[in-house]
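Inspection log for the structure reproduced underneath, given as structure tokens.
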Amino acid sequence: MPRPPSPSIPEKEFVYGALKQSLRLDGRAMLEMRTPTLSFGPELGWVECAMGKTRVLAQVDGKMVKPPPERPLEGIISIHSELSPMASNEYEPGRPTEEEVALTRMLDKVLRRSDAVDKESLCVLAGQRVWHIRLTIHVLSDAGNMVDCACLAGIVALKHFRRPEVEVEGDEITVHHPSERAPVPLSMHHTPFCFTFAFFPDAPPLVDPARLEETLSAGLLSVALNAQKELCVVQKAGGSPLPAEEVLAIMDIAVAKARELDRLVEARLQEDWKGRVVEVR
């Protein structure tokens, strides 16, 4: 499949000219995010997140497995992402692109290596059985900033998921069906959110870049943190250098955004939970 042509010179000049006046193509302010829309599926752990025309589907499932001998007291969390031509005509099936590799690495850093989920709580019987939680990310449409959208979909799916109740008597393990006992939420240490900032020459930085803004930017900086000001990840893959003062100013902006997003996520989860019946029949 041929790759789409790069932005033309008039497009570049128009975007740069607008950004120098703090104007964006979609009418947003420089530090204004597209409001995320969260949709929950019929099953627990099924979440679709949309930021503008960027859409990501996250799905969580769990099964019981034998733990690796080097970590007998911890459960396993694995993250898989998929970028297909459905997301954009720039992606080809069966051939991982730089974007897909960067997305998988960022998801791993933000959701798994930051210890968002308490892995020890996933242990059922030490050295014998633990829960293996698998998060699958499908990018349905990439209209810019799919990393932030995928991270948000992933963390909300983990918070929305419920695993079956388990009873242990000696070496005997009983997994209760949801019709017998209400399923149990995952034990979460914290809720990290990812924010991507784009930089341009002679223009202020902007948050949540659209596809064209990402392509034309002089550099991208991704920051992952939670509403309690705990920094998880700072990633900058090349581009123009940034002074320390500018990075610190971005952190303050990201903290305010994380608090807003945390309130939005909790409100949507509570709203979904009220309309969902999960009880013993």
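Residues are listed down the side, and each one gets a yes or a no for (1) closer than 26 Å to E246 by Cα; (2) in a loop (DSSP other than H, G, I, E, B); (3) in contact with a strand residue (DSSP E or B) (Cβ under 8 Å, 6 or more places away or on another chain):
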residue: A18; (1), (2), (3): yes, no, no
residue: L25; (1), (2), (3): yes, yes, no
residue: L31; (1), (2), (3): yes, yes, yes
residue: V47; (1), (2), (3): no, no, yes
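Considering E70, E90, E99, E11, which residue is surrounded by 13 or more Cβ atoms within 10 Å (Cβ to Cβ) and part of a loop (DSSP other than H, G, I, E, B)? Steps first, answer last, please.
Details: E70 fails: surrounded by 13 or more Cβ atoms within 10 Å (Cβ to Cβ); E99 fails: part of a loop (DSSP other than H, G, I, E, B); E11 fails: part of a loop (DSSP other than H, G, I, E, B).
Residue meeting the stated conditions: E90.
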- Restricting the search to the range 161-207, which residues are open to solvent by 50 Å² or more (accessible area, probe 1.4 Å), part of a strand (DSSP E or B) and touching an Asp or Glu at 6+ places or on another chain (Cβ under 6 Å)? T174
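Taking the range 118-160 on its own, how many of its residues are in a helix (DSSP H, G or I) and of a type in the set (A, V, I, L, M)?
So in the range 118-160, the residues in a helix (DSSP H, G or I) come out as 120-122, 146-160.
From what's left, of a type in the set (A, V, I, L, M): 122, 146-147, 150, 152-153, 155-158.
The qualifying residues number 10.
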- Note on the structure: The correct count of residues that are among the aliphatic types (A, V, I, L, M), modelled with pLDDT of 90 or more and open to solvent by 20 Å² or more (accessible area, probe 1.4 Å) in the range 139-160 is 2
- Task: Would you please name the residue that is farthest from the chain's Cα centre (by Cα), looking only at residues in the range 231-245 that are surrounded by 14 or more Cβ atoms within 10 Å (Cβ to Cβ) and without any contact (Cβ under 8 Å) to a residue 60 or more places away in the chain?
- Result: L242
- Task: State all residues of the range 102-117 that are among the charged types (D, E, K, R) and either in contact (Cβ under 8 Å) with a residue 60 or more places away in the chain or in a helix (DSSP H, G or I) (or both); if no residue qualifies, say none.
- Result: R105, D108, K109, R112, D115
- Item | Filter result (farther than 20 Å from V101 by Cβ, open to solvent by less than 30 Å² (accessible area, probe 1.4 Å) and not small (G, A, S)) within the range 208-222 | D208, E213, L216
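The values are calculated or read from the model by the stated rules, or taken from the named source; none is laboratory data. Only a predicted model underlies this, so the values are computations on that prediction, with no experimental measurement involved. As a convention, Cβ positions derive from the backbone with ideal geometry for all residues, glycine included, and neighbour counts pool all protein chains shown. Just the protein is used for accessible areas: all its heavy atoms, side chains included, with ligands, DNA and RNA removed. Shrake-Rupley method; radii C 1.70, N 1.55, O 1.52, S 1.80 Å.
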